[in-house]
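To start, the structure itself, in C-alpha cells.
The values are calculated or read from the model by the stated rules, or taken from the named source; none is laboratory data. Fair warning: this is a prediction, and the values are worked out from it, not measured in the lab. A quick note on method: Cβ atoms are made from the backbone with ideal geometry, for glycine too, and the neighbour counts reach across all protein chains shown. These accessible areas exclude ligands, DNA and RNA; they are computed on the full protein's heavy atoms, side chains included. Shrake-Rupley method; radii C 1.70, N 1.55, O 1.52, S 1.80 Å.
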Amino acid sequence: MRGEKIKRLLDWMDESTCNYLAVACVAGELEEHGFKELYQNEDWEIRPGGKYFMKKNDSALFAFTIGEGGLSSFRNGTLMISAHSDSPCLRLKPNPEIYGEGGAVSLNVEKYGGGILYTWFDRPLSMAGRVTLQSEDLLHPEVALFDYKRPIAVVPHLAIHFNRGVNDGNPLSVQKDMKPVVGYFSSEEIKDAREGYGIILPAIAEGAGIEPEQIIDYDVSLYPCEAPRLCGLDEEYIMSGRLDDLSMVFAGLEALLSSTKEEEDCRHVRLFAIFDNEETGSGTRQGAASPVVRDLMERILESLGGGKEDFHVGMANSFMISADNAHAWHPNYNEKYDPTNHPVIGGGPVIKVNTNGKYMTDSVGATVFKRLCEEAGVKWQMFVNHSDVAGGSTLGNILTSQMDINGVDVGSPIWAMHSAMETGGVSDHLDMIKVFERFWKG
C-alpha cells in the first residue's frame, strides 16, 4: 500500500506540470469516483448525500460532499481542507521570440512567484498551459490545455571563465540572465517565422493538437522535464518540481476519495478547496483572497433551503486545515531556524505558527490538529520562524479575510522550497493523508 500510494503521487506529479493540468487531473479523478461537475453560470441542484465539484478559471477547483442530513449537515459545520495549484516558474510573455546573433532564438519570460532562479539553469525545459480559441460566444472563449512533454529549451549558465566570482554570489536579472534558448534557425526560417506565427506558437499549437491560427491567446509555463523520483539510501525522500504545493493537493485528493468510499454517513459538509495564485498573493478571482468560497457556500446553502442564520451557525461550527508545505530543518544552515521548533523530514506533519498572523494557527487550531494526529497514529511537529528571520504567509490567514472560520496552517516539511526541484519525505506524505482522512470522518 505504501509503495502504491507513493507511485500514484509520483505519476500524478509527472502529469501535473502546471496549475491547469493539475486541476484537470483532479477533476478527472473526481468524475471517475462519482462527483458531478457544477458550473457557475448554471443553476445548481444540490442533494443530501451528493458529491460535486466546480472549477474556476481552469486553475482552481472546489470539491464538496453533502451529508445525508442536508441542511442539518451544513449547520453542523464544514470540514475544509485548502491547498493551491500554482508553483513558482517561468511564464511566456506575448510575442516571446527574441532573435539573436547567428540565428539563436530565446524566449522572453516573466518570473512567476518567488522561485530560486539559479536552480532553473542548465535544465531541460518543456512547456504546458492553456490556450484560448475563438468561439461563437464572445464572452466565453473556448480553451484547450496542453503539455508539450519533451524538452524544448534550456537556460544556459555563463561559463565560470567569464564570471570567476559566480560562486561568491551572482545577482540575476530575469530579463537578461533567465532567457531560455530554444535553438538556432536559418535566416529563411527566421524570415518565415517573423512573417507568420513565430517560432513558439506553432509548437504550442502542436502540443494542443490544433492549428496556430486558431490560437487567440495563451497562458503558458515552462517546467523542468526531470521526472519525480525517490532518493536516499532507503528511498525515504521524494524529489520533484512543484512539491509546494501539489503534494498537499494530492494528499487532499487521496483523502477525499478514501473518505467518500466509506458507507458511514458524514454529519458535515466536506470541502476540498484548491486555489490558484497563492505564490503571487492570492489576489485573483480564483485566489484565496477572493469571495469564491463564500459564494460557493452560500449557493450550497440556498440549494438546501437554508437562510442567513443557517450560514452563520454553519460557519461557527466549521474548521479549515490550510495545507501548504513547511520548511524542513536544513542540516547545513542550523542558524536560520528557531532553536526549539525546527521540523525535520520524516518527523511528521508540521503545524505552522506565527504570532503576527502570517498563519491562522492559534492554540485552539493547533490543539484540534494535534488530536487529529493522535487519533490517526501520526507524529506532529511545530514550525516557528527564527525571531530574526521574516517568514511568508499562506492560505489560512488570507481566506479568513473573506470568511469567519476557525482553523490551522499545516504542511509537510520539505527542503529547497521554491527550487526547480524540491525534496520531501515519503513518510510525511503518507502521514498527512492519514490525518486528512481522520479529519473528514467528522
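Things worth noting here:
- Looking only at segment 204-216, residues that are buried (at least 18 other Cβ atoms within 10 Å of the Cβ) and either part of a helix (DSSP H, G or I) or at positive phi (or both) come to 4 in all.
- Some residue of segment 374-395 being closer than 24 Å to Ala63 by Cα, under 21 Å from the mean Cα position of the chain (by Cα), among the β-branched types (Val, Ile, Thr) and surrounded by 15 or more Cβ atoms within 10 Å (Cβ to Cβ): yes
- Counted as qualifying within segment 311-427 are no strands (runs of 3 or more DSSP E), as none has 1 or more residues that are at positive phi and acidic (Asp, Glu).
- The set of residues in segment 1-51 being part of a loop (DSSP other than H, G, I, E, B), touching a Gly at 6+ places or on another chain (Cβ under 7 Å) and open to solvent by less than 30 Å² (accessible area, probe 1.4 Å) consists of Cys18 alone.
Matching residues to (1) open to solvent by 60 Å² or more (accessible area, probe 1.4 Å); (2) among the basic types (Lys, Arg); (3) assigned to a helix (DSSP H, G or I); (4) over 30 Å from Thr132 (Cβ atoms):
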position	(1), (2), (3), (4)
Tyr218	no, no, no, no
Leu222	no, no, no, no
Glu226	no, no, no, no
Glu235	yes, no, no, yes
Ile238	no, no, no, yes
Leu246	no, no, yes, no
Leu253	no, no, yes, no
Ser258	no, no, yes, yes
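- Scan of segment 363-373 for residues that are open to solvent by 30 Å² or more (accessible area, probe 1.4 Å) and aliphatic (A, V, I, L, M), ordered by number: Val364, Val368
- Pairs meeting the criteria (first residue in segment 179-206 and in contact (Cβ under 8 Å) with a residue 24 or more places away in the chain and over 19 Å from Gly129 (Cα atoms), second residue of a type outside the set (Phe, Trp, Tyr) and part of a helix (DSSP H, G or I), beta carbons under 6 Å, at least 6 apart or on different chains) are Tyr184/Gly103; Phe185/Gly103.
- In the set Val131, Val155, Val181, Val174, only one residue is surrounded by 10 or more Cβ atoms within 10 Å (Cβ to Cβ), among the β-branched types (Val, Ile, Thr), out of contact with any Leu (no Cβ under 6 Å at 6 or more places or on another chain) and closer than 19 Å to Asp58 by Cβ; that residue is Val131.
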